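Input: a single structure, listed below in structure tokens.
The values are calculated or read from the model by the stated rules, or taken from the named source; none is laboratory data. Remember, it's a predicted structure, so these values are computed and weren't measured experimentally. Heads up, the Cβs are rebuilt from the backbone with ideal geometry, glycines too, and the neighbour counts pull from every protein chain shown.
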Amino acid sequence: MTAATFVDYYEILQIPETADTDQIKAAVSQQRRVWIKRQASADPKRRGEAETRVRNIDEAERTLLNAGQRTAYDRRLPEQRKAAPEAAPPDGEADWLDRARAYLEMGNPGAAHRAAREATNQRGGDHGAWFVRAHSSFLLGQAADAEFEFAEAIRIAPEEPDYHQDLGEVYAQQEKYAQAMREFEIALRQAPGNPVTRTAIAQVQLATDEPHKALKIMEAVVKEHPDNDFFKYYLGAALESSARASITLLRDGTIIVTSEAQAALLEKHARRILKLNLKDKDAAEAVAELQRLADTSREMMWVHSGAWQVYAFVLAASLCGLCGGIGSGDGGAVAGGIFLGGGIAAAVVAIYVTRHRKPAYEHAAKHLTGQVVRWGK
């Protein structure tokens, strides 16, 4: 691995070298969501950068979640980090902005940021220099710097939708969803119909508990771009979130099915996600979990009866009548005992089973009422 091709996996995932498995998985998931969307950009440069970034994230996941590979990588890391900033851009005579762009193409955002800072010092009115500087900060996970630098680019060139789009991404990563939505809406007004921006808005809606709105957006986007796996991925996410938001929520945060209609809705959304033919493991897990929730809710269970003594008394009396009729030896009494006693016993058993053997969702609807925050559809 040379300095020019070296990728700092900790840097692109924005995690410390001491990160444990759970932190790595969470970071991979977060970064993948950001960059998989950018792969659908109409701008070839932005799309190419995103495709490279997604490949790097995949490599980081494979390396850092494998103990042996991670140990070998960590051993090489100090030397590679030391060598990487020394790499020179292709044209040693280029100005600072060209150098910054060259460093970005080489996958060295640290050097790109330093060069872009020199560029903005020399020509503070160049929005392109501020954009490269901001983008480098974004890649380095320096959110506060990126906010300021994107804002400067926007101040100089407020009609550039990509600047608003990227500032929105910075806000979204920090969970500043109101600010993120504001920037995405500006970007969408400047570039109406942009599917990437619409998907970004849907992501904010998913994060702010508005999955039904997100689903409506993503259904429209995928209808327009039916072969785009990236948009289909977010449609799948919206389907899952919408399904979960349609079932009953308890005070402890648990979601639970309380009707057949809810179970059927879970199955419907699971089938729709399945039909998207997504290769992402998250999609397969979502389908399995929605189906599990539906199946579990339909499992039959016995519900305790507060009047079991009544059932027991009537059943015992009917059995006594049955036994008495049979034991009498009289044909009419035998027939009467079987007809009356046996019929009553069978009826008692049937009534008990009907009233007290129910799907789990019926039991939940009856016995968890006091714990419900939101009833599902």
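Inspect segment 209-219 for any residue being within 22 Å of ARG47 (Cβ to Cβ), without any contact (Cβ under 8 Å) to a residue 60 or more places away in the chain and within 19 Å of the chain's Cα centre (by Cα) and give the result as yes or no. Within segment 209-219, one or more residues are within 22 Å of ARG47 (Cβ to Cβ), without any contact (Cβ under 8 Å) to a residue 60 or more places away in the chain and within 19 Å of the chain's Cα centre (by Cα). Within segment 245-276, the residues that satisfy the criterion of being touching a residue at least 40 places away in the same chain (Cβ under 8 Å) and either in contact with a His (Cβ under 9 Å, 6 or more places away or on another chain) or acidic (Asp, Glu) (or both) are SER246, ASP252, GLU260. Of all residues in segment 114-160, those satisfying the criterion of being within 26 Å of the chain's Cα centre (by Cα) and not small (Gly, Ala, Ser) are HIS135, PHE138, LEU139, LEU140, GLN142, GLU147.
Within segment 99-151, the set of residues being under 22 Å from ALA83 (Cβ atoms) and acidic (Asp, Glu) comprises GLU105, GLU118. Number of residues in segment 1-50 that are among the polar types (S, T, N, Q) and either buried (at least 16 other Cβ atoms within 10 Å of the Cβ) or on the phi > 0 side of the Ramachandran plot (or both): the value is 4. Can you pull out every residue in segment 19-53 that is in contact with an Asp or Glu (Cβ under 9 Å, 6 or more places away or on another chain), hydroxyl-bearing (Ser, Thr, Tyr) and closer than 22 Å to LEU65 by Cβ? Correct list: SER29 only. Taken over segment 273-296, the criterion of being surrounded by fewer than 19 Cβ atoms within 10 Å (Cβ to Cβ) and in a helix (DSSP H, G or I) is satisfied by LEU274, LYS275, LYS281, ASP282, ALA284, GLU285, ALA288, GLU289, GLN291, ARG292, ASP295, THR296. For the subset of segment 161-197 comprising residues that are among the β-branched types (Val, Ile, Thr) and more than 16 Å from ALA42 (Cβ to Cβ), which member is surrounded by the most Cβ atoms within 10 Å (Cβ to Cβ)? Taking the candidates together, the pick is VAL170. The residue of segment 150-160 that is nearest to ASN228 (Cα to Cα), among those that are of a type in the set (D, E, K, R) and crowded, with 16+ Cβ neighbours inside 10 Å, is GLU160. Counting the residues of segment 90-119 that are surrounded by fewer than 20 Cβ atoms within 10 Å (Cβ to Cβ), of a type outside the set (A, V, I, L, M) and modelled with pLDDT under 90 gives 7. Within segment 153-175, being among the acidic types (Asp, Glu), assigned to a helix (DSSP H, G or I) and either farther than 20 Å from TYR103 by Cβ or assigned by TED's automatic domain parsing to the domain that holds GLN31 (or both) holds for one residue alone: GLU169.
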